[in-house]
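*Asks:* Sending over a structure as structure tokens; questions will come in a sec.
All of the numbers you see were taken from the coordinates with simple rules; none came from a lab. Predicted model, so just to flag it, every value in this text is computed and none were measured. Because the Cβ atoms are built from the backbone with ideal geometry, glycine has one as well, and the counts that use them run over all protein chains shown.
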Amino acid sequence: MAATTASILERTAVAAADANSVDLDVVANNLASAAQRVRVLEKRRAKSARAAFAAAARKRRRPTRRTAPVPRPINAPKTLHEALAAPPPGNTASTAPPPADGP
């Protein structure tokens, strides 16, 4: 946009110089000053836009609520050795001794 604004200023200055027979050096100096101001303003605008974008990117989102972990049953095996030594869950018949043949 700075180039567009500077070119508009230049065309306006040349037209004014032609219409009023003003010295082109004076118009060129005024144009250079105006173009410098435009560049400074454009840099400022770009800097503030970058700062606003960075601030929005840094804004933290609210953390999502985590559910509590499911507790293990009290009698759950704590090690692999305990798990392999224990009978399969739900199979209580395997732990009972075989029925004795009676008289």
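*Asks:* So, by mean Cβ neighbours within 10 angstrom, what's the order for 28-34, 75-81 with the highest one leading?
*Replies:* 28-34, 75-81
*Asks:* Using a basic spin-label model with each label point 7 Å from the Cα along Cα→Cβ, how many nm lie between Ala83 and Asp25?
*Replies:* Placing both labels 7 Å along Cα→Cβ, they lie 9.3 nm apart.
*Asks:* Expressed in nm to one decimal, what extension gain is obtained for the pair Lys47 and Thr5 from 0.36 nm per residue of sequence separation less their Cα-Cα distance?
*Replies:* Once the chain is fully extended between Lys47 and Thr5, it gains 13.3 nm.
*Asks:* Using the 10 angstrom Cβ neighbour count as an exposure proxy, how do Glu82, Glu10 rank, fewest first?
*Replies:* So the ranking, lowest neighbour count to highest, is Glu82, Glu10.
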